[in-house]
Every structure is written in C-alpha cells, then in structure tokens.
C-alpha cells in the first residue's frame with residue numbers, strides 16, 4: 001500500500017462509512033438482541049468463504065461498532081430498569097402502609113438489579129449497641145438470618161461505624177474487617193464470598209446497612225455501588241417515614257384517648273345528673289319500682305326488669321354483677337333481699353352505667369322500705385284478722401268477711417294454713433331470735449299481701465293463711481313458701497301445711513284445727529331432718545296419716561298401693577292378694593307359692609310386676625311398713641264396704657284376697 005493511498009484501518013468507525021453489505025449482519029444481531037459471542041460469526045463466515053483482507057477489516061470495524069452500540073443499549077436498558085425500580089420504590093414509599101413490605105421490596109429489587117444471589121438489610125439497635133438482620137432475600141441459613149454484629153465487627157459493622165460503603169471481592173481474605181467467630185460462622189453457613197455494603201443514613205446518623213452479596217468472587221462496579229446507595233437512601237426514607245407515622249399515630253391515639261376520657265367524664269356528669277333528676281322526681285311524686293325500671297331503661301338504652309326474690313348472680317351488698325348477657329344488682333336492705341334490678345342483653349355495661357344501676361337499686365330498696373312502712377299498718381290488720389280467726393271462733397261471719405274484703409282476701413276459695421319457722425343448727429341469743437322472728441314475720445306478711453292472704457307472728461314463728469290455686473295442693477304451696485321465705489331471708493325456713501280449709505269465715509274453728517295440723521307437720525319435718533323444706537301431711541306417708549286431722553285413709557292407700565289395686569281392677573290379676581301372702585309368709589317366695597298354690601316362678605313374676613308399679617325400692621324397710629299398713633287399711637275398707645263380717649284379711653265372698661274388686 002502506497003503512502004498516497006489511505007489506510008483502511010484509519011477510516012473512522014462510523015456506520016455510514018461502511019458498505020451496506022457489511023452493516024446488515026450486525027444490524028440484524030442488534031435488532032434481535034443476540035448474545036455477545038454471536039457477533040464473531042459474520043467474521044468467521046467471511047473468512048471461511050475466502051474474503052479478502054479489506055472485507056475482513058471492514059467486518060471487524062462493523063463488529064466493534066455493533067458491540068459498542070450493543071453495550072450502549074444494554075447500559076441504557078439497565079439504567080431504565082434501575083430508574084424504574086427507583087420509581088417503583090418511591091411509589092411504594094408514597095403509599096407506605098407496611099414498613100416490612102416496603103423494605104422487602106427494596107431488598108428484592110436491589111438483588112435483582114445487581115444480579116446478586118443474596119441481598120439483606122440490617123438495622124442498628126441503639127439500646128444493645130449493635131446491628132441486627134431485619135430483612136433478607138435469597139438467604140438459606142437460619143444462623144445468618146439471626147446474626148447480630150457489634151459496631152466495627154465484620155463488613156457491616158464497619159459500614160455502620162464509619163458511615164461509608166465497603167466492598168470486598170473475597171470476605172475471608174480481606175483483613176480490613178474485624179472477623180469474629182459468630183459473624184464468620186454465619187457468613188460461611190450462607191456461603192458468601194463477595195459482599196457490598198452501603199449505609200442507611202438519616203442526616204448524619206447511620207441507622208443500618210443495605211447489602212448485596214454473591215457466593216463467588218466478584219468485582220462490584222461504581223455504578224452498582226451508587227445504585228445500592230440509592231436503594232439505601234430509599235430504605236432510610238421509608239424507615240424515617242414509618243417512624244414519623246408511628247409517632248403521629250401514637251400522638252393521635254393519645255389525643256383520642258384524652259378526648260375519650262373527656263367525653264366519658266362529660267357523659268358521666270350528664271348521665272349522673274339525668275339519673276339523679278329522674279330518680280328524685282320519682283321519689284317526690286311517689287313513683288313505684290316499675291317507674292324506676294322504666295327510667296333506668298331509658299337512661300341505659302336497654303331493657304330493665306325488677307325481679308322479686310333473690311337471683312344466684314346478685315350480691316346482697318348491692319354491687320352490680322354480670323350474669324350471662326345480663327347485669328344484676330340486688331335490691332336489699334338490712335340483710336333482706338327484696339329482689340333484683342336486671343338489665344337484659346347488655347353484656348358490655350361500662351363502670352359508669354354499673355354505678356347507675358347500683359344507685360337505682362338503692363333507690364328501689366328505699367322505695368320498697370317506704371312502701372313497707374306504709375304497709376305495716378295493713379299487715380298488722382291482716383295479722384289481727386288471722387288472730388281473730390284462730391283465737392275467737394265466735395266472731396260474726398259477716399264482719400270477718402267485710403274485713404277480709406277490705407284486705408282483698410277472698411274467703412270463698414279454699415285456703416291452707418301454713419306454719420313457718422327459721423331453722424338453725426344451734427339457737428342464737430334472745431336478741432337474735434327476736435330479730436329472726438321479726439324478719440320472718442315481715443317477709444311472710446309481704447308474701448301474704450302479694451297473694452291476698454293473711455299472716456301473723458305466733459309460737460316463735462309465723463302462721464299464714466293463703467288461698468289455693470285451681471291446680472295447687474297444700475304440699476305444693478308449702479314448698480313454694482319455704483323456697484320464697486328461705487330465699488328472701490337467706491336462711492332455711494321450714495314450712496308445714498294443713499289440709500285445705502273451705503270457707504274459712506264460715507268455719508273459724510277449722511282454722512285453729514288446721515293450724516295445729518300444720519304445726520305437727522312442721523315438727524315432723526324437723527324431727528325427720530328435713531329442715532328448710534316445705535310439706536303437707538300427704539308428703540309424710542303413714543306419719544302424715546297420723547298427723548293429719550282429716551285422717552285421709554283412702555288417699556293414703558291410693559298414694560301407697562293405688563297402682564297395684566288399679567292394675568288388678570283392669571287386668572283381673574291377684575297382685576294385692578300376692579302382696580298380702582308375701583308379707584304373711586315372711587317375704588319368702590317359697591312359702592308364698594305354697595300359700596297361693598302356684599308355682600314359685602309365678603310368684604317371682606308377680607313380684608317383678610309389683611316392683612314395676614311401686615318402684616324398685618318398695619321392699620326397703622320404710623316402704624315395706626307403709627305398704628303393709630296400706631294393705632291392712634285396704635282390706636279393712638273392702639270388708640266394711642262388702643259388709644261380709646271378715647276381720648280385715650281381705651277374704652271376700654268370691655274367694656279372692658284383696659284383689660280390689662269392690
């Protein structure tokens with residue numbers, strides 16, 4: 001080549017100076033984003049086809065230009081990805097809701113853009129004086145994820161201490177860091193070799209470190225260090241924003257709590273004033289218990305009910321207690337429980353409303369006491385009327401009925417006389433016994449007034465004359481009164497009842513006899529160890545037969561063996577006769593079968609049937625005595641009915657022995 005001819009290699013590497021044919025293969029490679037090694041292929045093909053030096057030189061220049069363009073495009077794509085990631089991070093920060101989620105996103109993007117195997121972020125702990133792992137991405141070692149680095153220890157400790165980025169191509173060969181066994185063990189477990197760490201800064205304060213790391217030797221470029229620093233700045237902003245939000249939320253919560261306290265106190269004052277005004281008005285205009293309940297319901301915004309008698313959940317001290325979804329406050333005075341105020345369906349009653357309920361219960365007890373004071377005169381009148389029925393049987397019937405009508409007592413319906421007494425294991429002092437009698441009389445008088453009956457203190461206890469409902473028995477009434485008085489006084493009260501008395505005003509003498517029967521029943525209950533119960537003579541078996549003035553023999557027989565008699569009557573069987581023979585034979589089935597001239601299996605079958613009718617305990621000593629007495633009374637009754645002259649052995653003219661055919 002002469003000096004006058006230009007050297008092709010001195011031509012500028014500009015695509016517009018290359019022949020079109022040499023540019024095409026590389027343009028196609030650039031267009032499809034081919035890998036770097038693909039750019040050697042056109043030169044190799046041209047050389048294989050025998051291209052001349054000039055053509056090969058042109059292709060080499062075209063390749064260099066294409067690779068330069070490819071590198072520029074890749075750089076631009078990388079910068080676009082970095083800018084996009086930074087933009088997305090900024091967007092996450094703008095809508096910051098969960099700090100951990102934002103930090104995880106930053107670590108994930110840093111790992112992706114730097115192309116590292118692991119990325120992680122640590123935060124300083126001023127209280128402990130070290131730094132700890134907060135977020136990791138790509139980590140597989142539990143020990144590494146729980147590492148804590150002292151200030152100046154390891155690469156991260158050095159970054160946290162100096163507030164400068166540090167990078168190492170081979171961590172274990174780098175002597176710039178203070179290696180510790182714990183840190184080196186964690187790094188070794190994770191298998192890390194090349195590590196880059198940049199500080200998280202808030203002003204001049206380092207709050208943590210952001211890392212990118214590989215499990216092989218690697219050189220981190222300046223652009224990558226700058227990129228990781230940008231992510232660290234975003235992370236620092238995220239942490240600062242979260243801290244500010246947390247402080248703001250705390251301040252707002254404190255303000256809200258202060259406002260709630262102010263509102264609560266204001267509500268307390270308003271409700272207390274409202275309740276005071278309403279209850280005062282009720283007392284002044286002579287309102288009743290239901291008026292208190294209605295006013296309380298309006299104030300509390302629920303359903304309020306006054307329930308007579310004690311409730312299991314109510315405390316006698318008047319404090320409101322929760323019972324399921326209800327709140328209960330006892331209405332009591334002087335140890336006596338009148339009932340309870342119940343707020344229904346209001347499980348979350350606050351302390352203010354509880355105090356309101358307790359105050360209403362106290363006002364209710366005062367109203368009841370006031371009403372009791374006004375009613376004591378009426379109670380004395382009731383007691384005087386009952387005393388006259390007991391002690392002065394010659395009083396004029398018309399005057400007795402007029403006095404009863406004024407007390408809303410109807411003497412045209414059957415009544416029962418009941419004797420009631422407080423029972424304790426040991427007697428108390430004279431003063432205490434007197435107070436007990438007064439409390440019992442007061443509670444009994446209140447009960448008598450509510451049931452349109454009469455009550456009077458007598459013989460160390462109380463006597464009541466109460467009407468019987470259409471479906472009530474004297475025994476049922478005795479049990480009800482024992483439960484009511486025992487609950488009201490919170491002590492066992494034993495109650496004995498007489499047989500029903502018809503038209504008490506027409507038969508005043510019958511009242512005294514019924515009271516004597518009720519007292520005998522009361523004493524029998526105490527002797528039987530059944531203190532605190534209520535019963536009539538019919539509940540006490542043959543003992544009741546002896547105690548009762550009516551001597552209800554037929555009723556005793558029916559209650560004791562009536563089912564066996566009815567079975568014989570329906571089926572034509574000989575169960576009554578078998579029972580009589582069984583007892584006559586000393587309760588021996590073998591001797592019974594001889595007396596009846598039947599097989600022993602027949603006796604066994606009949607006894608099984610009797611057990612089904614009378615119950616499995618019919619042969620217990622107490623039951624046997626009652627059954628034998630009932631059999632004897634039944635046989636005597638049958639003999640008298642038939643008039644055949646037999647002496648109660650149950651033998652009838654037809655040869656049957658007490659089979660119930662009358």
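Which ordering of 210, 59 is given by a fewest-first count of other beta-carbon atoms within 10 Å?
Going from least to most buried by this count: 59, 210.
Treat each spin label as a single point 7 Å out from the Cα along the C-beta direction, and report the residue 202 to residue 323 distance in nm.
Computed distance between label sites residue 202 and residue 323 equals 5.6 nm.
Which order do the peptides 126-134, 437-445 take when ranked by the mean count of other beta-carbon atoms within 10 Å per residue, highest first?
In decreasing order of mean packing, 126-134, 437-445 become 437-445, 126-134.
Stokes-Einstein diffusion coefficient for region 98-248 at 25 °C in a medium of 0.890 mPa s, Rh from the Kirkwood formula over Cα pairs: what value in µm²/s?
Estimated diffusion coefficient is 163 µm²/s.
Would you mind ranking 499, 141 so that the residue whose beta carbon has the fewest other beta carbons within 10 Å leads the list?
Details: 499 25, 141 18.
So the ranking, lowest neighbour count to highest, is 141, 499.
Please work out how much length the chain gains when fully extended from residue 274 to residue 563, using 0.36 nm per residue of separation minus the C-alpha to C-alpha distance, in nm with one decimal.
Computed gain between residue 274 and residue 563 is 97.5 nm.
Need one number: nm distance between label points at residue 74 and residue 221, each 7 Å from Cα along Cα→Cβ, rounded to one decimal.
With each label placed 7 Å out from Cα toward Cβ, I get 0.8 nm.
Can you sort 560, 450, 602, 162 from fewest to most other Cβ atoms within 10 Å of each residue's own Cβ?
Going from least to most buried by this count: 450, 162, 602, 560.
Please give the peptides 201-207, 177-183 ranked by average Cβ packing (other Cβ atoms within 10 Å per residue), highest first, as a rough proxy for protection.
Going by the mean number of other Cβ atoms within 10 Å, highest first, we get 177-183, 201-207.
Starting from the 7 Å offset along Cα-to-Cβ, what nm value, one decimal, do you get for the label separation of residue 609 and residue 344?
5.3 nm
Given a Förster distance of 41 angstrom, what is the FRET efficiency for residue 516 paired with residue 452, based on the Cβ-Cβ distance and rounded to 0.05?
So, using R0 = 41 Å, E works out to roughly 0.95.
Can you tell me the order of 607-615, 253-261 when each peptide is scored by its average per-residue count of other Cβ atoms within 10 angstrom, highest first?
607-615, 253-261
Each reported figure results from applying straightforward, stated rules to the coordinates on display, with no laboratory input. Just so you know, these numbers come straight off a predicted model, no measurement behind them. Cβ sites come from the backbone with ideal geometry, for glycine too, and all protein chains shown count toward neighbours.
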